[in-house]
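Novice: Handing you this structure, nothing more for now.
The values are calculated or read from the model by the stated rules, or taken from the named source; none is laboratory data. Every value quoted in this text rests on a predicted model; they were computed, and no experiment measured them. Cβ coordinates were reconstructed from backbone atoms using ideal geometry, including for glycine residues, and neighbour counts include every protein chain displayed.
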């Protein structure tokens, strides 16, 4: 464990739900959120009905998509799998998996469909352009560049590729001969995140960050014949230009822009190619951040990736977003079929929910959900949480990297809905009546309230700077408690809080000082909230006064910052199980005696904890192992190891 690295927490206890019911939920199936390196999916969406008609399973972290000219074949770049999946559109069958040998991202296909160009970036800080023969599905040519390459596009006549080069000896827009994959011209430009070419092949539009100070983003208009910039269209200085697309008739250029500061809103800027002037803009539903853009071939509608795991349908004539549909994971590069009937939505998520039989530990189903950022380079280690509806018919799963929540039907073991939340959601709790779900959003310092009937959302900002992660609701449903940790590693001196939300008003009514709250849960009788905090203590909060009434020392975990912890309470309210995520121990506290009564060795790094509704077992997620564990409460021993193949982060129980 690296010093000064903080991993935040999430936790949700189903015990409170059981206490509200005269017939406790029967725990037949455990739903365990786990990642990483699962196959990703591609949603196949009917553009008329806006309904998903199929879901393809491809490689890990699907990134970009492209159609063959006759729309019979689709190509999917699989970033972590370092390959291209070749899919038969009609059946979804994988016809070939083309190894690229490098971490692959962007793609573009020649107008005759004979060559697919893929872009990759290896661990030696070198980018590559790979030409793939689509007849043989083999790599025909490879060229390396000591640079970071952005999105690329091929000219309609197939003779040149254009791609932006950043952090290199030759920064700017590279014009590359497609036969030799050699640079034939370098057009000086600032770093660019997008590029598009007019249908007649005369001009390329390149949104870029500009050069020098002050910040001066613009869209460069490049004459393809001369490889020179003919004009620069200035953009808003408080917005970052991103991906771009030209309308099928060549009359408009759309540019996704996302805000640098909170005082401006993300938009899609619309530019007239006749005048090279900004003539309008599109605001996505919910003011979502726009990403990839594609137009239908008739130019009447456009589809824009919206804020992570959603896609907005835009009426082009009115420049208005008219509807939205959601997908399981973060949306990559969209593609629409040449006939305009099919939209491909790659879901870059690589996490799943394993449905495990409680009695025998056997896998019943694996449900692909959203993305979890499993990179070791991230500062925070929050990933996902899980909670079941009171009747056990639905399981709610947070997807940290997708900024959304997945809703799983437990009868069919399928994903029924994805709902956008605030930034980096971690913990989730469901109200005792099942009408609301509450989601703690770590990077947006907020809680999202989801109406489980309509999926409408309301966001509640926390009054003090924090990283909300763990969340719990009292058995009567009147208050939600949120652990607001602090992201700065300052060795126990930061101001951290447990926030209290009144569910009748959706207002924060109390902020309770608790040092580094890692995980929390409510007692079955609703009189107390228990908090794992401060390396490592068990704090007890009175829900009547919202004050700390007890602090129990559990273990000295050393000088490192707190990592993600777990907590759960037995249905009778007498015992609390907790861990601090720093070692291989789970602690049992008898809260009637106010003392630690057992220390149980469990896995390598136990994290999330959940007690079965009958109070007989504690299920343990393990952050750095590929399995979950089951502890028999009566004996205090590990009785089962559940193989998952990847790390586990959230556990919820349901009857089916």
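Every residue, every condition in (1) under 22 Å from residue 632 (Cα atoms); (2) in contact (Cβ under 8 Å) with a residue 60 or more places away in the chain, yes or no:
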residue	(1), (2)
504	no, no
517	no, yes
525	no, yes
533	no, no
550	no, no
570	yes, yes
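Novice: A further question follows. Please determine whether any residue of segment 80-96 is free of Cβ contacts under 8 Å to residues at least 24 places away in the same chain, surrounded by fewer than 21 Cβ atoms within 10 Å (Cβ to Cβ) and more than 23 Å from residue 55 (Cα to Cα).
Specialist: Looking for residues that are free of Cβ contacts under 8 Å to residues at least 24 places away in the same chain, surrounded by fewer than 21 Cβ atoms within 10 Å (Cβ to Cβ) and more than 23 Å from residue 55 (Cα to Cα), one finds none in segment 80-96, hence no.
Novice: Another question about this same structure. What single numbered condition from (1) within 27 Å of the chain's Cα centre (by Cα); (2) buried (at least 16 other Cβ atoms within 10 Å of the Cβ) fails to hold for residue 122?
Specialist: (2)
Novice: Another one. Give me the pairs, please: first residue somewhere in segment 189-210 and at positive phi, second residue anywhere and at pLDDT 90 or above, beta-carbon distance under 7 Å, and either six or more positions apart or on two chains.
Specialist: Here the result reads 201/155; 201/156; 201/157; 201/224; 210/217; 210/218, each pair linking segment 189-210 to a residue that is at pLDDT 90 or above.
Novice: Please find, within segment 125-148, the residue that is farthest from the chain's Cα centre (by Cα) out of those that are buried (at least 19 other Cβ atoms within 10 Å of the Cβ) and outside any strand (DSSP E or B).
Specialist: Looking at residues that are buried (at least 19 other Cβ atoms within 10 Å of the Cβ) and outside any strand (DSSP E or B), I get 134.
Novice: Residues that are over 25 Å from residue 285 (Cβ atoms): find the strands (runs of 3 or more DSSP E) completely inside segment 423-468 holding 1 or more of those. Don't jump to the end; show me each part of the working.
Specialist: Values: elements: 425-430, 436-441, 446-451, 457-461.
Counting at least 1 such residues, we get 425-430.
Novice: Let me ask something else about it. Among the strands (runs of 3 or more DSSP E) contained in segment 282-361, which hold 1 or more residues that are free of Cβ contacts under 8 Å to residues at least 12 places away in the same chain and under 16 Å from the mean Cα position of the chain (by Cα)? Working first, answer last.
Specialist: Numbers: elements: 290-295, 301-306, 310-315, 320-326, 342-347, 351-357.
No strands (runs of 3 or more DSSP E) qualify here.
Novice: Examine segment 411-419 for a residue that is farther than 28 Å from residue 526 by Cα, modelled with pLDDT under 90 and touching a helix residue (DSSP H, G or I) at 6+ places or on another chain (Cβ under 9 Å), and state whether such a residue exists.
Specialist: The answer is no, given that none of the residues of segment 411-419 is farther than 28 Å from residue 526 by Cα, modelled with pLDDT under 90 and touching a helix residue (DSSP H, G or I) at 6+ places or on another chain (Cβ under 9 Å).
Novice: Now for a different question. Quick check on my filter: what residues within segment 482-514 are at pLDDT 90 or above, in a loop (DSSP other than H, G, I, E, B) and within 27 Å of the chain's Cα centre (by Cα)? Can you show your working first?
Specialist: Going residue by residue through segment 482-514, those that are at pLDDT 90 or above are 482-484, 497-514.
Now restrict to residues that are in a loop (DSSP other than H, G, I, E, B): 503-506, 514.
Scanning segment 482-514 gives 503, 506.
Novice: In segment 97-107, what residues are buried (at least 21 other Cβ atoms within 10 Å of the Cβ) and at pLDDT 95 or above?
Specialist: Residues satisfying the conditions are 98, 107.
Novice: It is to be established whether one or more residues within segment 542-550 are buried (at least 22 other Cβ atoms within 10 Å of the Cβ) and either assigned by TED's automatic domain parsing to the domain that holds residue 620 or not in a strand (DSSP E or B) (or both). Don't jump to the end; show me each part of the working.
Specialist: If we filter segment 542-550 for residues that are buried (at least 22 other Cβ atoms within 10 Å of the Cβ), which is where we start, we get none.
So far as segment 542-550 goes, no, none of its residues is buried (at least 22 other Cβ atoms within 10 Å of the Cβ) and either assigned by TED's automatic domain parsing to the domain that holds residue 620 or not in a strand (DSSP E or B) (or both).
Novice: Taking the condition outside the structural domain of residue 617 (by TED's automatic domain parsing), at negative phi and free of Cβ contacts under 8 Å to residues at least 24 places away in the same chain, does residue 72 pass? Steps first, please.
Specialist: Details: outside the structural domain of residue 617 (by TED's automatic domain parsing): yes; at negative phi: yes; free of Cβ contacts under 8 Å to residues at least 24 places away in the same chain: yes.
So residue 72 passes the test.
Novice: Now, a different point. So which of 395, 439 is at pLDDT 95 or above and either over 22 Å from residue 478 (Cβ atoms) or touching a helix residue (DSSP H, G or I) at 6+ places or on another chain (Cβ under 6 Å) (or both)? Quick ask: steps written out before the conclusion?
Specialist: Working: 439 fails: either over 22 Å from residue 478 (Cβ atoms) or touching a helix residue (DSSP H, G or I) at 6+ places or on another chain (Cβ under 6 Å) (or both).
Only one candidate qualifies: 395.
Novice: Let me ask something else. Suppose the filter is in a loop (DSSP other than H, G, I, E, B) and either over 16 Å from residue 129 (Cα atoms) or touching a strand residue (DSSP E or B) at 6+ places or on another chain (Cβ under 9 Å) (or both); does residue 71 pass it?
Specialist: Details: in a loop (DSSP other than H, G, I, E, B): yes; either over 16 Å from residue 129 (Cα atoms) or touching a strand residue (DSSP E or B) at 6+ places or on another chain (Cβ under 9 Å) (or both): yes.
Judged against the criteria, residue 71 is a match.
Novice: In addition: Select, from 3, 54, the only residue that is part of a loop (DSSP other than H, G, I, E, B), over 22 Å from residue 163 (Cβ atoms), modelled with pLDDT under 95 and not assigned by TED's automatic domain parsing to the domain that holds residue 485.
Specialist: Details: 54 fails: part of a loop (DSSP other than H, G, I, E, B).
Exactly one residue qualifies, and that residue is 3.
Novice: Anything in segment 515-537 that is within 19 Å of residue 441 (Cβ to Cβ) and not in a strand (DSSP E or B)? List them, or say none.
Specialist: The one that is within 19 Å of residue 441 (Cβ to Cβ) and not in a strand (DSSP E or B): 516.
Novice: What is the number of the single condition among (1) in a loop (DSSP other than H, G, I, E, B); (2) closer than 17 Å to residue 62 by Cα that residue 151 does not meet?
Specialist: Among (1) in a loop (DSSP other than H, G, I, E, B); (2) closer than 17 Å to residue 62 by Cα, the lone unmet condition for residue 151 is (1).
Novice: Taking segment 26-51 only, how many residues are assigned to a strand (DSSP E or B), at pLDDT below 90 and closer than 16 Å to residue 79 by Cα?
Specialist: Restricting attention to segment 26-51, the residues satisfying the condition of being assigned to a strand (DSSP E or B) are 29-35, 41-46.
Filter again for at pLDDT below 90, leaving 34-35.
Next, from what is left, pick out any that are closer than 16 Å to residue 79 by Cα: 35.
Counting residues in segment 26-51 that are assigned to a strand (DSSP E or B), at pLDDT below 90 and closer than 16 Å to residue 79 by Cα gives 1.
Novice: Also: Which residue, of 62, 74, is crowded, with 24+ Cβ neighbours inside 10 Å and more than 23 Å from the chain's Cα centre (by Cα)? Write out each step before concluding.
Specialist: Numbers: 62 fails: more than 23 Å from the chain's Cα centre (by Cα).
One residue alone meets the criteria, 74.
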